[in-house]
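Visitor: Before we start, here is the structure in question, set down as structure tokens.
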Amino acid sequence: MAMGELTMARFFNAITNGLTPCKRVSLLILLALLSGSCSHTLERQTCVALAKDVSYCLAPIPADSQVRSVTQRVTIEVDDSSHELLTQLELDSGQLTLVGLAPLGQALFTILFDGVSLNSQQNMLLGDEFKAEYLLALIQLIYWPQADVNAHLQGARLTSPECDAPRCRTIYATVNDTKDNRRKSIIKISFDKIEPWQAEVELAIPQAKFELKITPI
């Protein structure tokens, strides 16, 4: 773990220790706002394209969601470029809040999702290419119940096949639903533990040369 990540994670955990979940989320957003003055707020679409003829619309927050507060290191690789950030995710049955920080603590974005609408406040340095809805869609593909995801997938299906890892998920197009097509996955997800929230997660979109790695801190 990098020193900047360790410092930010310990700082947040220290100042929020003993706070109620509601106050913890409020403080989290306040910290992001204070450290990200050059930012703007955007109302986002809730449906994203994953591949040709395949899309996903954000599913509601499961009614039985456990209250979670998770700090994670996220590594994104696209083609030959690599990006790393620290995220703090707060989740309950009413709202998901995701704050993204640069390794040294600079606020990059804050995403708020209430199960219906999606808003993001993001550092202007990210530009218009950063799409909060795509990041949240990937989070749901990883962590949301399989039935919930499939109910909001168009042109594809999420499965949990046997694999070499303790747990895997695969998304394949259903336009031509054959065994051969199922082997040509659109998205591959693997977990190094059975419990997803405790696992290191690797997600790959081979056609886009995109890889996402999430490591709990």
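The values are calculated or read from the model by the stated rules, or taken from the named source; none is laboratory data. Values in this document were obtained by computation on a predicted structure and should not be read as measured data. Cβ: placed from backbone, ideal geometry, glycine included. Neighbour counts: every protein chain shown. Accessible surface areas use protein heavy atoms only, side chains included; no ligands, DNA or RNA. Shrake-Rupley method; radii C 1.70, N 1.55, O 1.52, S 1.80 Å.
Residues checked against (1) open to solvent by less than 50 Å² (accessible area, probe 1.4 Å); (2) over 18 Å from T75 (Cβ atoms); (3) among the aromatic types (F, W, Y); (4) touching a residue at least 24 places away in the same chain (Cβ under 8 Å):
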{"residue": "G105", "(1), (2), (3), (4)": "yes, no, no, yes"}
{"residue": "G115", "(1), (2), (3), (4)": "yes, yes, no, yes"}
{"residue": "M124", "(1), (2), (3), (4)": "no, yes, no, yes"}
{"residue": "V149", "(1), (2), (3), (4)": "yes, yes, no, yes"}
{"residue": "C168", "(1), (2), (3), (4)": "yes, yes, no, no"}
{"residue": "I186", "(1), (2), (3), (4)": "yes, yes, no, yes"}
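Visitor: Of all residues in the stretch 126-139 being of a type in the set (D, E) and without any contact (Cβ under 8 Å) to a residue 40 or more places away in the chain, which is surrounded by the fewest Cβ atoms within 10 Å (Cβ to Cβ)?
Guide: E129
Visitor: Among the listed residues L158, L212, which satisfies the condition of being at pLDDT 95 or above, touching a Leu at 6+ places or on another chain (Cβ under 6 Å) and either among the polar types (S, T, N, Q) or surrounded by 12 or more Cβ atoms within 10 Å (Cβ to Cβ) (or both)?
Guide: L212
Visitor: Can you find, within the stretch 188-209, the residue that is modelled with the lowest pLDDT among those that are of a type in the set (S, T, N, Q) and surrounded by fewer than 15 Cβ atoms within 10 Å (Cβ to Cβ)?
Guide: Applying the filter and picking the extreme gives Q207.
Visitor: Okay, moving on. Taking the conditions exactly as written (open to solvent by less than 30 Å² (accessible area, probe 1.4 Å), of a type outside the set (D, E), out of contact with any Lys or Arg (no Cβ under 7 Å at 6 or more places or on another chain) and at pLDDT below 95), does L153 satisfy them or not?
Guide: no
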